[in-house]
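A short worksheet on the structure shown next.
The values are calculated or read from the model by the stated rules, or taken from the named source; none is laboratory data. Since we're looking at a predicted model, the values are computed, not measured. Don't worry about glycine lacking a Cβ; one is built from the backbone with ideal geometry, like all the others, and counts go over all protein chains shown.
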Amino acid sequence: MDELELKQNDINEAIDTDIPLDKNVRLMSPTQMLLRRFFRSKLSIIGLVMVVGLFLFCFLGPVVYNQWGETERDPVGGVECEEAQVTTYEVDGVTYTVRGIREKPMPYNVKAGISADHLLGTDEMGHDVLTRLMYGGRVSLLVSFMTVILMTILGVIIGGIAGYFGGIADNIIMRLCDILMCLPGVPILMILSAAMDGWVEQQWIEEGMRIYILMFFLTLISWPGIARLVRGQILSLREQEYMVAAEAMGYSTARKIFKHLVPNVMPQLIVQMSLSLGSMILYEATLSYLNMGIKAPYTAWGSMINIITTNQGVLKYYPLIWVPAGVCIVIAVLGFNFVGDGLRDALDPKARR
């Protein structure tokens, strides 16, 4: 072992054991310490590779691999219709036009097997499975990330107000959290999805709006957990010396909450967000599997698995249609959980590793 390695080991040992260092020794910054602890864990690295790999697969994959120019919107039906014959006749002075149509087969190989053109074959509608897997991953990851970001922002604001002011505001907000946490989330979302079917049929909303409404209601039922976490942390932090100093200097309430209190809660929030991403992906996949989430012409990983509930032949004889989507869900959930566990250990100041 050379001199440089011995010196680095002495520094690491001093950091872990709180031994005073020589003034000439350059200490690592908090960010460097965080990265060092995070990348020391093999599971953290594995989780990070899984998450980054999924994002590259879903967002850059269609640029490299895209059959027949497919987009995020699936073609409706397995055939196209074209005008075959037009007949015009007149009855009692009124002219009527009858337009005949005929089916025009689309250039798809329904349930084609693995080939150079279709690396995972095609589904029952002739859509390339690998391409749908990429676009479905975009929707699943988008719903999960936007929901987690929105519920974190809402939870930080409301939890910060409850923890800092206390009193009546705290009681009202916490009782509201208790009510929302007691509501059965999945049944309510199933009712909402059934209602949205009627809204789409009556053209009150477009099918694409279903995604954003789903994100809004997932946020609405998920923010109380973040708010409770922020409230609990602020209740303990607001009595610290630096908050007494901020009070004496006459800082505004908003500055004390969002500049001094919330940044000290960020480590816990980052861990909670990373762990919540896996839960949200499962939430969305469950709803789509029950045909209550993302619907055609859009697709998601859960809706790709939904086909096995209505077609037992696909379940038995065409596993490549639904198994890859299930594998992507497992990879996403495991990856986010591994990253969350690694961040939790790296941000723990009491960790002695």
Q) Where in the range 257-353 are there helices (runs of 4 or more DSSP H), lying wholly inside it, with at least 3 residues that are surrounded by 21 or more Cβ atoms within 10 Å (Cβ to Cβ) and at pLDDT below 80? A) 262-289
Q. Quick one: which of L343, L275, L347, L282 is of a type outside the set (S, T, Y) and in contact with a Pro (Cβ under 7 Å, 6 or more places away or on another chain)?
A. L347
(Q) For the range 187-210, which positions are of a type outside the set (K, R), in contact with a Gly (Cβ under 9 Å, 6 or more places away or on another chain) and part of a helix (DSSP H, G or I)? (A) L189, S193
